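Enquirer: Supplied in structure tokens, the structure appears directly below.
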Amino acid sequence: MEKAQYAVGQSRGRCHSQPDSDDRSPWQRDRDRVVHCSAFRKLQYKTQVFVTREGDFYRTRLTHSLEVAQIARALARALRLDEDLTECLALAHDLGHPPFGHAGETGLDEALKDFGGFDHNDQSFRVVTQLEQRYAAFDGLNLSWEALEGLAKHNGPLKRPPPTIAAYDAQIPLGLDSQTSGEAQVAAFADDIAYNTHDLDDGLRAGLFTFADLAPLPVIGDLAAAAQALTTAENRIRHELSRAVINTLVHDALTESRRRIAALSPQTVDDIRHAASPVIGFSEEMRTANIKLKQFLFTRMYRHWRVNRQSHKAQHVTRTLASLLLHHPELLPDDWRDRAGKQGDTAQAAAVVRDYVAGMTDRYALDEFSRLTDPAVPA
């Protein structure tokens with residue numbers, strides 16, 4: 001299918017010059033670089049909501065990213081946007097997440113509050129521009145300008161960009177105060193759709209709430225009732241509901257986004273960037289239903305006592321690791337200690353500790369916590 005005139009066209013290039021590929025577009029290369037990087041592999045062992053040891057069927061950051069990519073690619077194809085750039089952004093958007101999901105992020109942010117705290121979106125940008133070391137000539141993945149723009153503005157225009165993004169923008173402007181491309185908007189929107197849908201599925205599987213609890217929710221309650229009418233097997237009801245929720249949200253987003261695009265009548269991708277508001281979104285009815293679903297999940301899942309207990313422990317682990325290593329950088333492994341310098345409580349040490357802890361998987365963080373705090377565990 002031919003791309004629309006408002007899709008990304010010719011790339012603005014990369015920070016470090018590299019020969020073009022005869023077989024792949026710039027955004028196919030970007031996607032492939034993300035898939036093959038070490039940070040992407042580690043997402044397999046990083047928490048989405050439930051830590052990996054609680055069950056093999058709950059989502060991890062990796063499976064979440066794959067689900068986002070599937071939804072994003074379907075939306076991009078229907079809207080005649082560049083599917084490869086959209087998929088790249090969907091796969092890369094969580095590369096900077098620390099162990100234990102948002103709970104781990106909270107602990108890390110608290111420990112580093114005197115040094116700017118922690119922001120997983122800024123860390124994702126740091127991963128692809130600095131921390132991945134897969135090339136002899138430079139650090140980072142050397143992604144295209146369009147991929148970096150989309151990652152930087154994953155949550156929309158940035159009035160106060162975090163440090164890594166701000167520093168990069170000072171050298172290579174990313175237009176942080178404007179909208180981003182349609183491809184990046186689709187990737188961000190697919191994140192929201194996937195997040196809510198699979199958390200609904202995981203919450204039901206974990207027994208944190210029941211199908212009956214969903215009945216009062218607009219749209220979702222009707223979809224749950226329709227799924228229950230098809231079978232009495234709970235696992236099949238869950239799967240029917242998940243499919244129905246994704247299908248309903250995607251179709252609404254396509255209808256509304258097509259309406260917005262038609263109203264704007266963009267001739268180029270820059271017309272989308274300079275629009276007053278995003279071109280990708282829900283109808284007002286679905287937006288309200290989505291807000292109600294988020295509120296339900298926040299109360300019944302993210303603040304459930306079982307999840308609270310695990311979150312408390314996770315925050316304790318990342319907060320303790322970061323605080324301890326910040327004040328005692330001599331405890332870091334040799335290569336990390338050399339980067340941190342010899343003095344504790346410095347900005348340089350904080351940056352190193354931030355990268356070290358954020359790059360851990362759940363399992364490695366727990367092992368490192370034991371090695372640093374339990375005298376019975378060998379160093």
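The values are calculated or read from the model by the stated rules, or taken from the named source; none is laboratory data. In this text the structure is predicted, and so the values were computed from the model without any measurement. No Cβ is skipped: glycine too gets one built from the backbone with ideal geometry, and neighbour counts run over all protein chains shown.
Enquirer: Which of the residues spanning the stretch 265-312 are within 25 Å of Arg77 (Cβ to Cβ), among the β-branched types (Val, Ile, Thr) and under 23 Å from the mean Cα position of the chain (by Cα)?
Expert: Hits for the stretch 265-312 are Ile272, Val279, Ile280.
Enquirer: Which of the numbered conditions does Gly203 fail, given that it passes all the others? Conditions: (1) in a helix (DSSP H, G or I); (2) modelled with pLDDT of 95 or more; (3) crowded, with 17+ Cβ neighbours inside 10 Å; (4) of a type in the set (Gly, Ala, Ser).
Expert: Here Gly203 clears every test but (2).
Enquirer: Still on this structure, I have one more. Yes or no: Leu176 part of a loop (DSSP other than H, G, I, E, B), at pLDDT 95 or above and under 15 Å from Arg31 (Cβ atoms)? Even if it seems obvious, please write down each step before you answer.
Expert: Details: part of a loop (DSSP other than H, G, I, E, B): yes; at pLDDT 95 or above: yes; under 15 Å from Arg31 (Cβ atoms): no.
So Leu176 does not fit the description; no.
Enquirer: Find the residue count for the stretch 1-10, including only residues that are surrounded by fewer than 20 Cβ atoms within 10 Å (Cβ to Cβ) and at pLDDT 95 or above. Show your work before the answer.
Expert: Applying the first criterion (surrounded by fewer than 20 Cβ atoms within 10 Å (Cβ to Cβ)) to the stretch 1-10 yields 1-5, 9-10.
With the extra rule that they be at pLDDT 95 or above, the set shrinks to 3-5.
Summing the residues that are surrounded by fewer than 20 Cβ atoms within 10 Å (Cβ to Cβ) and at pLDDT 95 or above in the stretch 1-10 gives 3.
Residues are listed down the side, and each one gets a yes or a no for (1) of a type in the set (Asp, Glu); (2) outside the structural domain of Ala215 (by TED's automatic domain parsing); (3) part of a loop (DSSP other than H, G, I, E, B):
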{"residue": "Leu293", "(1), (2), (3)": "no, no, no"}
{"residue": "Leu297", "(1), (2), (3)": "no, no, no"}
{"residue": "Lys313", "(1), (2), (3)": "no, yes, no"}
{"residue": "Val317", "(1), (2), (3)": "no, yes, no"}
{"residue": "Glu330", "(1), (2), (3)": "yes, yes, no"}
{"residue": "Arg337", "(1), (2), (3)": "no, yes, no"}
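Enquirer: Output yes when any residue across the stretch 93-109 is more than 16 Å from the chain's Cα centre (by Cα), buried (at least 24 other Cβ atoms within 10 Å of the Cβ) and modelled with pLDDT of 95 or more, and no when none is. Full working, then the answer.
Expert: Residues of the stretch 93-109 that are more than 16 Å from the chain's Cα centre (by Cα), as a first pass: 107-109.
With buried (at least 24 other Cβ atoms within 10 Å of the Cβ) added as a condition, the list becomes 107-108.
From what's left, modelled with pLDDT of 95 or more: 107-108.
Within the stretch 93-109 (the criterion being more than 16 Å from the chain's Cα centre (by Cα), buried (at least 24 other Cβ atoms within 10 Å of the Cβ) and modelled with pLDDT of 95 or more), the answer is yes, since at least one residue qualifies.
Enquirer: Select from the stretch 326-364 the residues that are among the aliphatic types (A, V, I, L, M) and without any contact (Cβ under 8 Å) to a residue 40 or more places away in the chain and write down the one among them that is surrounded by the fewest Cβ atoms within 10 Å (Cβ to Cβ). Outline the logic, then answer.
Expert: Within the stretch 326-364, the subset among the aliphatic types (A, V, I, L, M) is 326, 331-332, 340, 347, 349-353, 357-358, 360.
Add one more test, that the residue is without any contact (Cβ under 8 Å) to a residue 40 or more places away in the chain, and what stays is 332, 340, 349, 352.
Details: Leu332: 17, Ala340: 22, Ala349: 24, Val352: 21.
Top of the filtered list is Leu332.
Enquirer: Taking into account only those residues within the stretch 329-379 that are modelled with pLDDT under 90 and of a type in the set (S, T, N, Q), which is nearest to Phe100 (Cα to Cα)?
Expert: My answer is Thr346.
Enquirer: Okay, next question. For residues that are under 18 Å from Ile193 (Cβ atoms) and modelled with pLDDT under 95, tally how many sit in the stretch 206-237.
Expert: 0
Enquirer: Restricting to the stretch 24-74, count the residues that are modelled with pLDDT of 90 or more, more than 16 Å from the chain's Cα centre (by Cα) and part of a loop (DSSP other than H, G, I, E, B).
Expert: 2
The rows are residues; the columns are (1) charged (D, E, K, R); (2) closer than 21 Å to Phe40 by Cβ; (3) surrounded by fewer than 22 Cβ atoms within 10 Å (Cβ to Cβ).
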| residue | (1), (2), (3) |
| --- | --- |
| Phe115 | no, no, yes |
| Arg126 | yes, yes, no |
| Tyr135 | no, yes, yes |
| Glu146 | yes, yes, no |
| Ala152 | no, yes, no |
| Leu158 | no, no, yes |
| Gln171 | no, no, yes |
| Leu176 | no, no, yes |
| Ala184 | no, yes, no |
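Enquirer: Would the stretch 117-137 turn up any residue that is at pLDDT 95 or above, over 30 Å from Thr320 (Cβ atoms), in the same structural domain as His93 (by TED's automatic domain parsing) and among the basic types (Lys, Arg)?
Expert: Within the stretch 117-137 (the criterion being at pLDDT 95 or above, over 30 Å from Thr320 (Cβ atoms), in the same structural domain as His93 (by TED's automatic domain parsing) and among the basic types (Lys, Arg)), the answer is no, since none of the residues qualifies.
Enquirer: Tell me, which residue of the stretch 1-12 that is in contact with a helix residue (DSSP H, G or I) (Cβ under 6 Å, 6 or more places away or on another chain) and not aliphatic (A, V, I, L, M) is farthest from Leu148 (Cα to Cα)?
Expert: Just the residues of the stretch 1-12 that are in contact with a helix residue (DSSP H, G or I) (Cβ under 6 Å, 6 or more places away or on another chain), to begin with: 6, 8, 11-12.
Narrowing the set further to residues that are not aliphatic (A, V, I, L, M) leaves 6, 11-12.
Values: Tyr6: 19, Ser11: 12, Arg12: 11 Å.
This residue is Tyr6.
Enquirer: Out of all the residues in the stretch 229-277, which are surrounded by fewer than 19 Cβ atoms within 10 Å (Cβ to Cβ), aliphatic (A, V, I, L, M) and more than 23 Å from Gly203 (Cβ to Cβ)?
Expert: Leu254, Ala262, Ala263, Leu264, Ala275, Ala276 - these are the residues of the stretch 229-277 that are surrounded by fewer than 19 Cβ atoms within 10 Å (Cβ to Cβ), aliphatic (A, V, I, L, M) and more than 23 Å from Gly203 (Cβ to Cβ).
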